[in-house]
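In what follows, a single structure is set out as structure tokens and then discussed.
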Amino acid sequence: MIRTGQKSPINSTFYCMSDATPRPELTLWGQQTDSALHHFRVGQETLPQAMIHAYGLVKFCAADTHQQHGRLDPLLAQAIKKAARQLFEGELDNQFPISLWQSGSGTQSHMNVNEVLASLATQILEGKHQVHPNDHCNLGQSTNDSFPTALHIACVCLLENALLPSLKQLRERFEMQSRRWQSVLKTGRTHLQDATPISLGQEMSAYAAQLNHAEQQIAADLPALLALTMGGTAVGTGINSRQEFAATFCSGLNEMTGFEFRPSDNFFATQASHDAIVSLSGSLNTLASSLNKIASDLRLMASGPRCGLAELSLPANEPGSSIMPGKVNPSQCEMLNMVCAQVMGNHLTITIANAQGQFQLNTFKPVMALNIIQSLELLADAITSFDQFCISGIEANEENLAATMDQSLMLATALTPHLGYDKVTQIVHYASEQKCSLRQAVIDSEAMSAEDYDRLIRPQAMIYPSQ
């Protein structure tokens, strides 16, 4: 039943056994959770809410499956399902205070879930029946199959409901900008040096293509994430479970979520290692790499506005400086750059963690959950913000783009088929030394007439292959 915490004599905050972690006034957890709070006083990180909510779905569908198979009294099953519904709907988030840095299987957090559900289910039954955290809420289950199952559910929900929609929106925004600026010319750059012309639309099309590739990679990871270990119990053999449990569990879960989860083809593999999570993290790492490049490009193109490239104007969302009046910073680009750095670091952690599994169990599950869920949530939020507060309001500074195009010496590349590489190199060096235009350098060198130069040097014709 609900227990009242011990009030601190210093203030009104309630404390758990560790005398370090604040506890809500009314708690539903039990002895094993209190023991974990005492023994794992490490860091500030707790199990991500997405995992807690996914665990609610796991426990709901497990109780429903056992009720269908006659293994759990319908009265108890209904009470557990009511409690589990509150869990996956986010009504019990304050009941999970355990440090993420715990047993590598996530046993302490799993028992935290079982204890909370058992207490709440007992209350639902008005104390007439005692719901046991192990015998009832954990019936036919293990941390070793339920934790990775909850993790896969959380990842699929975050992908389908948050990251993929936000990524699609950003890709479509760049596709729109590509069409809008297809004929706006600018100086291309390689090695951060002037290069041959490109259109601003072509530049934006590259970003759209990168994001499209990332979408496809992430979508390719979904089938493996839809495979669940539920039913493997302790080591993958399914001890204390029934042969039909996994299929019935997935069927019920699919009815609730609308997804197409299925039992893993090999519980031994998917409990001992989490290759699907590493693969997803790798795709997120690729996405972060692309987003970092895009944000950095835009940040450089918007540099100035008077002493930089100033090819683009970014939205002025907020003051850019506490000391320099009127300054506008590329804050959304910088936010996205930092998120990408975190995601890349998370991928390294996930890779190392998955490599540390021994025999029938990977014992780095909580840290993998922390990092993959953080990556998914950060990317979804950051992409949405970047699209809304940056990309949607970008404007091209066409006068600046045209001015730099006229100054570019790399237009000389179009002369190479007519004058040869060495001769054109001499002309470019002359123009650079004399600080004159390329056209004047050609005329001074008597390499060709002004009329021929004007016929050959047409930037609009340089952004496509010759016919």
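Filtering the range 445-467 to residues that are part of a helix (DSSP H, G or I) and buried (at least 16 other Cβ atoms within 10 Å of the Cβ) leaves Y453, L456, P459, M462, I463. Listed conditions (1) in contact with a strand residue (DSSP E or B) (Cβ under 9 Å, 6 or more places away or on another chain); (2) not in a helix (DSSP H, G or I) are all met by G140, apart from (1).
When you check S296 against the structure, is it assigned by TED's automatic domain parsing to the domain that holds M335 and either polar (S, T, N, Q) or assigned to a loop (DSSP other than H, G, I, E, B) (or both), yes or no? Yes: the conditions hold for S296. When N94 is tested against the conditions (1) out of contact with any helix residue (DSSP H, G or I) (no Cβ under 9 Å at 6 or more places or on another chain); (2) in a loop (DSSP other than H, G, I, E, B); (3) not hydrophobic (A, V, I, L, M, F, W, C), the lone failure is (2).
Checked against the criterion of being of a type in the set (A, V, I, L, M), touching a Phe, Trp or Tyr at 6+ places or on another chain (Cβ under 8 Å) and not in a helix (DSSP H, G or I), the range 388-406 has at least one qualifying residue. Checked against the criterion of being touching a residue at least 24 places away in the same chain (Cβ under 8 Å) and crowded, with 18+ Cβ neighbours inside 10 Å, the candidates M256, M230 yield just one match: M230.
Would you mind telling me which numbered condition in (1) of a type in the set (A, V, I, L, M); (2) closer than 14 Å to S296 by Cβ; (3) under 28 Å from the mean Cα position of the chain (by Cα) L309 fails? For L309, the failing item is (3).
Within the range 277-288, restricting attention to residues that are buried (at least 24 other Cβ atoms within 10 Å of the Cβ) and of a type in the set (G, A, S), which residue is nearest to V339 (Cα to Cα)? Only one residue fits best here, namely A288.
The values are calculated or read from the model by the stated rules, or taken from the named source; none is laboratory data. This is a predicted model, so every value here is computed, not measured. Neighbour counts are summed over all protein chains in view; Cβ atoms, including those assigned to glycine, are modelled from backbone coordinates with ideal geometry.
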